[in-house]
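The values are calculated or read from the model by the stated rules, or taken from the named source; none is laboratory data. Fair warning: this is a prediction, and the values are worked out from it, not measured in the lab. Here the Cβ positions follow ideal geometry from the backbone for every residue, glycine too, while neighbour counts run over all protein chains shown. Accessible surface areas use protein heavy atoms only, side chains included; no ligands, DNA or RNA. Shrake-Rupley method; radii C 1.70, N 1.55, O 1.52, S 1.80 Å.
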Amino acid sequence: ENAILSLAFLLLAVLPIAEIALRAAAGIGIEGSSYLVQHLTFAVGILGAVVAAREGRLLGFSAAALLEGATARIARLVGHAVAAAASTMLGLAGMQFVQVERAAGRILAYGIPVWTIELLLPAGFALIALRLLARSSEGIRGQALALVLAAAIVAAFFALPFSPRGFVAPGVVLLFAAMALGAPLFAVLGGMALLLLWGSGVPIASIAVDHYGLAANPSL
């Protein structure tokens with residue numbers, strides 16, 4: 001992961017310089033250079049988040065740090081389980097987006113389909129979810145319990161017998177509670193966006209569309 005992230009960051013820095021040098025020296029450029037740089041920025045953002053999850057350095061605001069003993073262990077388990085559920089849902093939204101992009105058949109450069117780079121979105125959130133579950137407890141029993149809790153939350157997202165709007169308020173309360181228990185802020189913000197979109201009848205893939213659009217923005 002470190003090597004892939006370093007390579008992406010190196011290419012991100014080298015490509016614009018190489019483009020300038022080639023145009024000045026030989027009057028030629030690199031196919032889709034700016035487009036490649038935009039998608040490398042997107043890749044670095046995703047890979048950086050995956051590494052942050054590995055190192056336990058995802059940004060969060062936690063009152064759980066004031067707790068001790070069994071109470072702290074329960075708070076950590078619940079907070080990480082909710083965050084893993086939110087990350088899983090963000091990954092599913094990303095997969096829906098990738099499926100649409102694959103059908104569109106857009107090409108990045110040199111015959112590389114755009115969807116192959118966008119696949120980092122669901123893959124990254126899946127890895128983050130797994131690492132959150134791994135950090136939810138020191139023991140396998142606690143991690144298994146966190147997995148069951150996260151799976152139950154994801155299942156509820158799809159299988160509740162009432163209108164999605166009825167799940168928004170309790171879902172928001174759950175996310176705020178999870179934030180206090182140590183859930184990373186990305187999961188709280190992303191989870192809230194998913195809830196509000198879902199409750200309004202908007203496809204959850206739209207959050208992945210916005211994520212991609214912002215991370216691959218030319219201004220960035």
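General remarks:
- Pair list, Cβ under 6 Å, 6 or more apart: segment 102-113 residue among the hydrophobic types (A, V, I, L, M, F, W, C), other residue open to solvent by 50 Å² or more (accessible area, probe 1.4 Å) and part of a strand (DSSP E or B): none
- In segment 85-114, residue least open to solvent (accessible area, probe 1.4 Å) [restricted to those that are part of a helix (DSSP H, G or I), in contact with a strand residue (DSSP E or B) (Cβ under 9 Å, 6 or more places away or on another chain) and not aliphatic (A, V, I, L, M)]: Ser87
- Failed criterion for Glu138 (all others in (1) open to solvent by 10 Å² or more (accessible area, probe 1.4 Å); (2) part of a helix (DSSP H, G or I); (3) more than 17 Å from Pro184 (Cβ to Cβ); (4) not small (Gly, Ala, Ser) hold): (2)
- Checked against the criterion of being buried (at least 16 other Cβ atoms within 10 Å of the Cβ), in contact (Cβ under 8 Å) with a residue 40 or more places away in the chain and either not in a helix (DSSP H, G or I) or not hydroxyl-bearing (Ser, Thr, Tyr) (or both), the candidates Phe42, Phe9 yield just one match: Phe42.
- Hits in segment 180-206 (condition: in contact with a Leu (Cβ under 7 Å, 6 or more places away or on another chain) and open to solvent by 30 Å² or more (accessible area, probe 1.4 Å)): Leu185, Phe186, Met192, Ser206
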